[in-house]
1. Assigning unit charges at the beta carbon (Lys, Arg +1; Asp, Glu -1) and nothing else, what dipole magnitude in debye, to the nearest 20, does region 20-149 show about its Cα centre?
2. Please list 3J(HN,Hα) in residue order for region 56-65, calculated via the Karplus relation 6.51 cos²θ - 1.76 cosθ + 1.60 where θ = phi - 60°; whole Hz, with x for glycine and proline.
3. If packing is taken as the average count of other Cβ atoms within 10 Å, what order do 61-71, 45-55 fall into, highest mean first?
4. Amide H neighbours of ALA113 under 5 Å, at least 5 residues apart or on other chains, H built in the peptide plane: list them.
5. Based on the alpha-carbon gyration tensor of region 20-149 and its eigenvalue square roots a ≥ b ≥ c, which shape applies: rounded if a/c is under 1.5, prolate if not and a/b is larger than b/c, or oblate?
6. Going by average Cβ density within 10 Å per residue, which order do the peptides 106-113, 32-39 take, highest to lowest?
7. Convert each backbone phi in region 136-153 into a coupling constant with the Karplus relation 6.51 cos²θ - 1.76 cosθ + 1.60 (shift: θ = phi - 60°), then list the ³J(HN,Hα) values in order as whole Hz, x for Gly and Pro.
8. For region 88-95, in order, what is each residue's ³J(HN,Hα) by Karplus, 6.51 cos²θ - 1.76 cosθ + 1.60 with θ = phi - 60°, in whole Hz (x at glycine and Pro)?
Amino acid sequence: MHPSSRSTDLAPDAEEDSERGSAALEFILVGLLMLVPLVYLIVSLGLIQEQSLGAEAAARHVARAMSTATGVDDARQRADRVLASVAAQYGLDDVDIAIACSPSGAPCPAAGATLAVTVATRVTLPLVPPVLGLDEVAAIPIEATAAHRVTRFWGSP
């Protein structure tokens, strides 16, 4: 082997020198570009799950509280207290509640009826500004329904 060819084999090329060290920078850049949306997705899904559990708990507990009340006024008061408690516990904002009984046409709640409570709310995605109504566009509707049978002795002393 020639001594001159040996030294050229070991010497780095100019092209290799310009690329040296860029892999770490590319890894950090691509890692951040992938990590930020992943963290946002996890936080958003967590908020949606929390609100879903809250709406389901509110519907179930309101239906149970109303069906075990002693009268119509007591049922309304219980529903308001339970809804306020669950909304505070799960951080529910702007909760709409709908109450229906079957068979339809009977007063609601009534003895022997099946009470259906529907709770609806909206989840606003994080970091969405309220400019031009973007927070309303980026809100996800959540709805939960629970049914509970009212005892046939409801309202009797």
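1. 360
2. For region 56-65, the Karplus-derived couplings read 5, 5, 4, 4, 5, 6, 5, 4, 5, 5 Hz, x marking Gly and Pro.
3. By packing density, highest mean first, the sequence is 61-71, 45-55.
4. Answer set, sorted by chain and number: VAL150.
5. It is prolate, given that a/c is not under 1.5 and a/b is the larger ratio.
6. Top of the packing list down: 106-113, 32-39.
7. 6, 5, 8, 9, 9, x, 10, 9, 9, 10, 9, 10, 9, 7, 7, 4, 6, 9
8. Rounded to whole hertz, the list is 5, 5, 9, x, 6, 10, 6, 9.
The numbers here are math on the coordinates, done by the rules we state, and not lab data. Treat the numbers as computed from the prediction; the structure is a model and nothing was measured. All Cβ positions, glycine included, derive from the backbone under ideal geometry; neighbour counts span all protein chains shown.
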